[in-house]
Every structure is written in structure tokens, then in C-alpha cells.
Amino acid sequence: MYLTIKALHIIFIVTWFAGMFYIVRLFVYFTEAQEMEEPRRSILQDQYRIMMKRLWFGITWPSAVLTLIFGPWMVFLLGSIPVWLWIKLAFVLGLYFYFFFLHGIYKDLQAGVIKRSSTQLRVWNEVATIFLVAIVFLVVLKSFLSTVWALAGLALFTAALMMAIKVYKNIREKKK
């Protein structure tokens, strides 16, 4: 039973992350369409609204809920919570905060309210990557010392990611 629940948990984690990765790309495209001339702007933004709604409520939200069901179920079947799992759960909590933050952006964009630039959204797109790396390393390494090294590596990874975003922004601006 435990392995079946674990498999379902992994499946819904993967689909949840896929939804979070793609929704932010749609946010970027929606925001960039705002700079276009009519009727192209309206056509694209209407299409992006449809795509965002289907992705968010057809894949991402159900996956988040099912992840939240199967995760605690696994912990219950496991019977105890080792230190590495407490740390992982802290990251998962942060991931849910990120998810709800994305939901706020989703609602704003559905209403036609753009509060962030496409560059800011690109940075937000990488937040899920940071959570993914942290959580996977914690699950695979399962030791406190290895977790400390993994978190140090995560900090370096995050810094490199932010530098890459800055370089990419500079390249995009030079092309304009």
C-alpha cells in the first residue's frame, strides 16, 4: 500500500510542478502581449486567459490537492517523521505559499490587472525550480549533514540562476 501511495504522490507532485512552471510562462506571455497593438493584444490575451484557466483548474489545482492528500498519507503510513522530512515539509509549506501567490497573480491577470513586468515574472518562474531542487535533494539524500551541503549547493544554484536571468534580460534588451 505504501509504495502505491508514494507513486501517486510522485505523479501528482510532477504534474503540480509542471503546472506551476507553465502557468508562469503564460503569465509572461500575457504580460508581454500588453505591449502589442490591437487587435493582436486582445486576441492573444483572450487566448492566454483560456489557457491559464484550463491549466490552473484542470491540472495545477487538482495536482496540488492530491499531493496534499497523498503526502500526509505516506507520512501516516511511515509512522515517524525523521529530521530530513521535517526540513522537506518546511520547503513544501513554502511551496504552497508560492502556489497561493501564483493564484493571486492568476486572478489579477484574469481581471486584466498587470502588476509585474515580464522580467519580474521570469524571476518568479524560477522560484519553483529552487523548491524542486531543495525538495528532491532532501528526499534523495535523507541525512542532516547531506542536507546542509545540499542547502549550501541550493544557495549557490539560486545565485547562479539569478545571474543567468540578469544576463538573459540584458541580451533581450540589446536585441530590442
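The values are calculated or read from the model by the stated rules, or taken from the named source; none is laboratory data. Predicted, not measured: the structure shown is a model, and the values here were computed from it. Note that we place each Cβ from the backbone using ideal geometry, even for glycine, and neighbour counts take in every protein chain shown.
Against the list (1) part of a helix (DSSP H, G or I); (2) basic (Lys, Arg); (3) under 22 Å from the mean Cα position of the chain (by Cα), the condition ARG172 fails is (3).
Every listed requirement among (1) surrounded by 12 or more Cβ atoms within 10 Å (Cβ to Cβ); (2) within 12 Å of the chain's Cα centre (by Cα); (3) over 15 Å from VAL28 (Cα atoms); (4) modelled with pLDDT of 95 or more is met by PHE100 save one, (1).
Checked against the criterion of being surrounded by 13 or more Cβ atoms within 10 Å (Cβ to Cβ), touching a residue at least 40 places away in the same chain (Cβ under 8 Å) and assigned to a loop (DSSP other than H, G, I, E, B), the candidates ILE114, ILE165, ILE135 yield just one match: ILE114. Quick test for you: out of PRO82, PRO72, PRO39, pick the one residue that is touching a residue at least 40 places away in the same chain (Cβ under 8 Å) and either loosely packed, with under 12 Cβ neighbours inside 10 Å or not aliphatic (A, V, I, L, M) (or both). So the residue among PRO82, PRO72, PRO39 that is touching a residue at least 40 places away in the same chain (Cβ under 8 Å) and either loosely packed, with under 12 Cβ neighbours inside 10 Å or not aliphatic (A, V, I, L, M) (or both) is PRO82. Residues satisfying the criterion are absent from the range 152-161 (criterion: of a type outside the set (A, V, I, L, M, F, W, C), part of a helix (DSSP H, G or I) and modelled with pLDDT of 85 or more). Looking across the range 50-68, the residues that are within 19 Å of GLY94 (Cβ to Cβ) and among the β-branched types (Val, Ile, Thr) come down to THR60, VAL65, THR67. Checked against (1) out of contact with any helix residue (DSSP H, G or I) (no Cβ under 7 Å at 6 or more places or on another chain); (2) touching a residue at least 40 places away in the same chain (Cβ under 8 Å), LEU89 meets all criteria but (2).
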